[in-house]
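Have a look at the structure below, then the notes.
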Amino acid sequence: MRIVLLGSGRGSNAEAVLAAQASGLLGKARVAALFSDQPSAGILALGPRFGVPARYVDPAPFRTKLEGPGEARFIEAVSSERPDLVVLAGFMRVLKPAFLGAFAGRIINLHPSLLPKFPGLDAVGQALRAGETETGCTVHYVTADLDAGPILAQARVPIAPGETPESLSAKVHAAEHALLPSVIARLSMEGGR
């Protein structure tokens, strides 16, 4: 199973996937490439470390969505790797119909809440403000509806009294780093959806 990872930030979840691959824990899955919409994103530094092609793809003209010329560039870049699975690992753009159609049924996302609770931005903050006693993370298929695709797996994280956004984020990240590679490994053994 060929995987393409898309990310916008430091790449801690992509690193967890690559580390799992290096340890033989990704089943039949192999990361073919990393792409980022941010030219100085930390995720791009993972390519040389793990021997995987990594490059910036210009997302212009929009700042928060992938549409128009930027979307076409991403479709071309991702398609060139012939992926069986496209993994959004901290990719901070809303995907539009052309990209979703190009990889229909093959895009998964990692979200830092127990969906359907707290979709969208600042899910950890949303959970704290709501007074929840637990949160977690979810891996789900990506559809046109934001954070609403079929759920593949979830991991629960307790919220301790006096929890801060920073301490809770750290706990959620740790859960994400275990959950995402395990889902990818399972999908590789099942042959996808």
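The values are calculated or read from the model by the stated rules, or taken from the named source; none is laboratory data. None of these values were measured; they are calculated from a predicted model. Reconstructed Cβ throughout: ideal geometry from the backbone, glycine too, with neighbour counts over all protein chains shown.
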Residues in region 37-53 that are in contact with a Pro (Cβ under 9 Å, 6 or more places away or on another chain) and either closer than 19 Å to Phe103 by Cβ or among the aromatic types (Phe, Trp, Tyr) (or both): how many?
-> 1
Would you mention how many residues in region 11-59 are modelled with pLDDT under 95 and among the charged types (D, E, K, R)?
-> 1
Which number in (1) closer than 23 Å to Met1 by Cα; (2) at pLDDT below 95 marks the one condition that Val86 misses?
-> (2)
Residues located in region 1-47, provided they are in contact with a strand residue (DSSP E or B) (Cβ under 8 Å, 6 or more places away or on another chain) and among the hydroxyl-bearing types (Ser, Thr, Tyr) = Ser8, Ser36
Expected single match for small (Gly, Ala, Ser), crowded, with 16+ Cβ neighbours inside 10 Å and closer than 14 Å to Ala123 by Cβ among Ala175, Ala185 is Ala175
Within region 136-153, identify whether any single residue is within 22 Å of Gln21 (Cβ to Cβ), free of Cβ contacts under 8 Å to residues at least 60 places away in the same chain and part of a helix (DSSP H, G or I), and answer yes or no.
-> no
Enumeration of residues in region 119-138 that are among the polar types (S, T, N, Q), crowded, with 17+ Cβ neighbours inside 10 Å and more than 15 Å from the chain's Cα centre (by Cα) = Gln126, Thr135
